[in-house]
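Q: Right, I'll just put the structure down here and ask away after.
The numbers here are math on the coordinates, done by the rules we state, and not lab data. Quick caveat: nothing in here was measured; it's all calculated off a predicted structure. Positions of Cβ are generated from backbone atoms using ideal geometry, with glycine treated the same way; all protein chains shown enter the neighbour counts.
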Amino acid sequence: MLGKQKGKADMVEKSAVSSQQSASKRINTPLTEDIVMSLRIGDIVLVNGLIVTGRDKVHKFLAHEKPDKKDIPFELHDGIIYHCGPIIKKVDDTYKLIAAGPTTSMRVEMYEADVIKTYGIRGIIGKGGMGEETLNAMKEYGCVYLHTISGAAAYLADRIKNVRDGWKIEEFGAPEAMWLLEVEEFPAVVTMDARGNSLHRDIEKISLTKLKELFLEKRGIS
């Protein structure tokens with residue numbers, strides 16, 4: 001009996017995953033302007049291709065030092081940068097990815113608009129969304145923010161099929177270095193689009209309105 005129930009549960013779960021995948025938009029890197037402009041907030045996407053990682057030190061270096069594009073070993077133009085400090089081990093001459101969960105994106109808010117403008121970034125993967133300066137840059141230069149799953153570093157690592165190479169590993173340390181990753185069906189939700197829309201901003205406004213209503217209700221003010 002328990003076996004039958006488990007079998008049914010597995011079928012339901014597989015069906016739900018299949019339905020979610022069929023409702024998702026598969027996007028491949030490098031991203032074109034047409035792809036970026038076709039995405040709207042709320043769209044579920046599955047990313048395929050090559051992406052790079054970048055946290056605080058990489059963003060600060062790109063924004064302040066502005067290295068020439070030919071001095072960066074990876075192509076950033078039309079690419080996706082993932083706010084992530086991956087756990088990576090070197091095994092012989094290859095790199096093995098252990099975990100790769102998203103970093104809070106607001107940590108690099110002061111740099112992101114400049115990075116988008118200078119290096120032609122088309123997509124950002126992270127968690128928590130970003131501020132108005134980045135949103136304005138996304139609208140001006142054609143870029144989207146993709147919110148991915150928080151607390152699922154091992155699962156997301158499974159969607160990363162290969163660590164191609166790293167940059168600034170010795171200088172910045174592995175978590176802060178820039179890594180070139182090959183991803184397959186990497187899940188995310190568009191929460192900031194290239195038309196100036198932001199789910200994070202909308203939710204914040206709704207939350208503030210609701211808090212005000214609750215406060216006034218508690219004080220007996222209609």
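Q: Normalised by the residues of the range 19-112, what does the relative contact order come to in percent, with Cα pairs under 8 Å and at least six apart? Write down the numbers at each step before the final one.
A: On the way: 108 pairs, mean separation 25.5, N = 94.
Once normalised by length, the contact order is 27 percent.
Q: Do any of 90/139; 70/161; 60/96; 70/205; 70/139; 25/127 go past 31 Å between their Cα atoms, and which?
A: As for pairs spanning more than 31 Å Cα to Cα, those are 90/139; 70/205.
Q: Excluding residues fewer than 8 places away in the same chain, name every one of the aspartates and glutamates whose C-alpha is closer than 15 Å to that of residue 57.
A: 65, 109, 112, 114, 170, 171, 176
Q: Next up: Sort 29, 148, 94 so that the residue with the fewest other Cβ atoms within 10 Å of its own Cβ comes first and the one with the most comes last.
A: 94, 29, 148
Q: Residue 37 versus residue 182, label points 7 Å from Cα toward the beta carbon: distance in nm?
A: Taking the two extended label points, one gets 3.2 nm.
Q: Now, a different point. Report, to one decimal in Å, the Kirkwood hydrodynamic radius for the range 25-197 based on all distinct Cα pairs.
A: 15.7 Å
Q: Pairs of alpha-carbon atoms within less than 8 angstrom and 6+ residues apart define the contacts here; what relative contact order does the range 25-197 have, in percent?
A: Relative contact order, the range 25-197: 32 percent.
Q: Follow-up question, since we're still on this one. Please arrange 156, 31 by counting, for each residue, the other beta carbons lying within 10 Å of its beta carbon, fewest first.
A: Ranked by crowding around the Cβ, least crowded first: 31, 156.
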